[in-house]
Amino acid sequence: MCGIVGYIGKRKAYPILIKGLHRLEYRGYDSAGVALINGQGQLNVYKAKGKVSELEAYAADKDTDGCIGIAHTRWATHGEPNTVNAHPHYSESENLAIIHNGIIENYAVLKAGLQQEGYTFKSETDTEVLVQLIEYTQLNRQVDLKTAVQLALQQVIGAYAIAVLDKRQPDTLVAARKGSPLVVGIGEEEYFIASDATPIVEYTDKVIYVEDEEVVKLSTKGQSTEDEGIDISTINGVEKTPEIKRLELSLSQLEKGGYPHFMLKEIFEQPRTLTDSMRGRINVRQDNIALSGFIDNKDRFLNAKRIIITACGTSWHAGLIAMYAIEEFAQIPVEVEYSSEFRYRKPVINKDDVVVAISQSGETADTLAAIQLAKSKGAFIFSICNVVGASIPRVSDSGCYTHVGPEIGVASTKAFTAQVTALTMLALCIGREKGTMSEDHYLAVVRELGQIPDKISRVLEQDARIADFAKTFTYAQNFIYLGRGYNYPVAMEGALKLKEISYIHAEGYPAAEMKHGPIALISQEMPVVVVAPRCGTYEKVVSNIQEIKARKGRVIAIVTEGDELVSKIADYVIEVPETEECLTPLLTVIPLQLLAYHIAVVKGCDVDQPRNLAKSVTVE
Ligand code: AGP
């Protein structure tokens, strides 16, 4: 996700801002920029695509004077990663500059209103709309910067952490947040703002964590005491007393949000990242899903004779779950292909095929090649990706971004649940449009989707217990993971998580397949993880567990809260809340992510960068 940094005080701002951007690089980004008000009251904005070092090279011979400035690393959500879309964004008069982390859902409506007032736009971003709205408010209401920001934010729907400068008020920096984090650092005759404390910690340990819908005005004019230059109020103008806290975390801990590894941080981010990935796509009444990539290409899906899903690794597991949902809801035949096989086996591809390509990075070579092959045969390409402007979305005809922010841990977790969510929303859209799923079922699933983030939070509350019993399994050389229906792909995903970070061999299997060979492997030395929520062919899974127990196998079962059958026969039980069958993977995968993580940690493995693995396999 984007990173923001700001400074106002007694020192040159530029070096502090650039160092702050470097501190935020761990968040992942694709462009960077800085805005400074120099001693002559000029507002200079410098931006560059790529790394912060590119920005430094670009600004090396520019005027970087000034004791007040803001800076930004952009993780693209609206608009390609390029210099035009990079932040900071000027207002039309170039009196204002803004940086923003978040998504403004109603930016299109706001933009249309400003265009009717004669405003023009240079970028595709939602952020530029906000700075124009602030300027419009300033001019029409004749108010100061902070009041204009408050009034403008009252019209905004979405998430934001912003900082705004006005060259006509060079001793004032205004910031605000809702849904995206914002921290104020308090120094000696100087203030800092940032997305988190990592750019601040080396200057001060006194911070204020800004709350949702709060606007902060920082000024050094006539500041005599440390909090005199701080003015905090809500966007509705209610004054707030600053609550100054002390930072206790180290820099490294701060980058991981206080977690020991990025992977654990990303596992725990899932309630928020799923909320982000559904934001603006499920309406407030939770009775309709709007995926623009589907809406704009409805006929391609409705007339499709077949949907081919192509992906690798964890993304392939998400695709396998989508097969169950699309065939159940939309009754369109689905084939799920490993991209590496699909691209070479001379597949039959027709013009009325729809190919859904799934990739977190958007750069996986095999998936890119599979897309090129399908395109050459005239198929329609729809991609599900997490990186805006990556190669795969760029060569696709349409698609849907997952918007979960950068996934740093090599083992994919939050991207997987967001992929499953996006694919389920796509299946629901097709099914409803085709009339092949009942309105009641559609509404039930859409409403339940809205409950999933909270239900994931409830599963995460079992982390300590899972960590505790994970210790008893580090002896194992082999695991088997079993599931049926929607949870057969979850079994495969759980096995992949374990093997890629703990280096323990693990296989995912359809539970019924045990009788066709793997049951010969059952022994006390090989733990069996069974994904057994109370839905679908639950009774059959129970029989499979009994077959394993009869042969002295040790079973870890993932069950629905209140399960009384499996809980009596399994050795270890982890409960997940009840939900719609098609949504159970979003809950049952969480304990498997945690189990793999904790076993790997106890084994002393490099969880975030496992041996031999890369986050994005850009070679075949
Ligand atoms: C999953 O934990 C692995 N990192 C790997 O299997 C990954 O899912 C695969 O390489 C596909 O990557 P992509 O989603 O970026 O295309």
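Brief remarks on what is shown
- For the listed peptides 13-24, 604-615, a ranking on the average number of other beta carbons within 10 Å per residue, highest first, reads 13-24, 604-615.
- By the helix-only formula, in which each DSSP H run with n ≥ 4 contributes -39500 (n - 2.57) and the sum is divided by residues, the chain has a 222 nm mean residue ellipticity of -11000 deg cm²/dmol.
- Packing rank of 347-353, 414-420, 298-304, where each peptide gets the mean count of other beta carbons within 10 Å, highest leading: 414-420, 298-304, 347-353
- Here the gap between residue 477 and residue 578, fully extended at 0.36 nm per residue and compared with their Cα-Cα distance, gives a gain of 33.1 nm.
- The mean sequence distance of close C-alpha pairs (under 8 Å, at least 6 residues apart), as a share of the length of segment 283-419, puts its relative contact order at 23 percent.
- A simple packing score, the average count of other Cβ atoms within 10 Å per residue, orders the peptides 562-574, 258-270 as 258-270, 562-574, with the highest score first.
- The residues packed around residue 200, meaning those with a beta-carbon under 10 Å from its beta-carbon, carry a net charge of -1 if Lys and Arg are +1 and Asp and Glu are -1.
- Electrostatic bookkeeping for residue 126 treats Lys and Arg as +1 and Asp and Glu as -1; over the other residues with beta carbon under 10 Å from its beta carbon, the sum is -2.
- In a fully extended conformation the segment linking residue 561 and residue 11 would gain 192.3 nm over its present Cα-Cα distance, using 0.36 nm per residue.
- Cα gyration tensor category, rounded, prolate or oblate, for the chain with a/c compared to 1.5: prolate
- Sequence-separation-based contact order of segment 380-492, relative, with Cα cut under 8 Å and 6+ spacing, percent: 13
- Estimated inter-spin distance, residue 238 and residue 57, nm [label 7 Å along Cα→Cβ]: 5.0
- When each of 245/265; 10/122; 434/455; 455/515; 305/377 is checked by Cα-Cα distance, pairs over 25 Å: 10/122; 434/455; 455/515
- Whole-Å distance, taken between Cα centres, linking segment 130-192 and segment 601-620: 41
- Amide N proximity, segment 293-307 versus residue 433 label position 7 Å along Cα-to-Cβ, cut-off under 12 Å: 293-304
- Note on the chain: antiparallel DSSP beta bridges, both residues inside, total approximately 60 percent of the bridges counted.
- Overall form of segment 509-620 per C-alpha gyration tensor (a/c, 1.5; a/b vs b/c): prolate
- Counting charges near residue 62 (Lys, Arg +1; Asp, Glu -1) among other residues having Cβ under 12 Å from its Cβ returns a value of -3.
- In this structure the chain gives 37 Å² per residue of accessible area when probed at 1.4 Å with all protein chains present.
- Relative contact order of segment 482-560: 33 percent, from C-alpha pairs under 8 Å at least 6 residues apart in sequence.
- Share of carbon and sulfur in the accessible heavy-atom surface of the chain [1.4 Å probe, %]: 48
- Cα gyration tensor, segment 58-174 - rounded (a/c under 1.5), prolate or oblate: oblate
- Taking each of 375/615; 568/603; 178/240; 12/62 in turn, the alpha-carbon distance tops 20 angstrom for 375/615; 568/603.
- Segment 503-560 and segment 48-87 have Cα centres lying 53 Å from one another.
- Taking the Cα centre of segment 238-286 as origin and assigning +1 to Lys and Arg Cβ atoms and -1 to Asp and Glu Cβ atoms, the resulting dipole is close to 220 debye.
The values are calculated or read from the model by the stated rules, or taken from the named source; none is laboratory data. Please read all numbers here as calculations on a predicted model, not as lab measurements. Methodologically, a virtual Cβ is constructed for each residue, glycine included, from the backbone with ideal geometry; neighbour enumeration extends over all protein chains shown. SASA here: full protein model, heavy atoms, side chains in, ligands and nucleic acids out. Shrake-Rupley method; radii C 1.70, N 1.55, O 1.52, S 1.80 Å.
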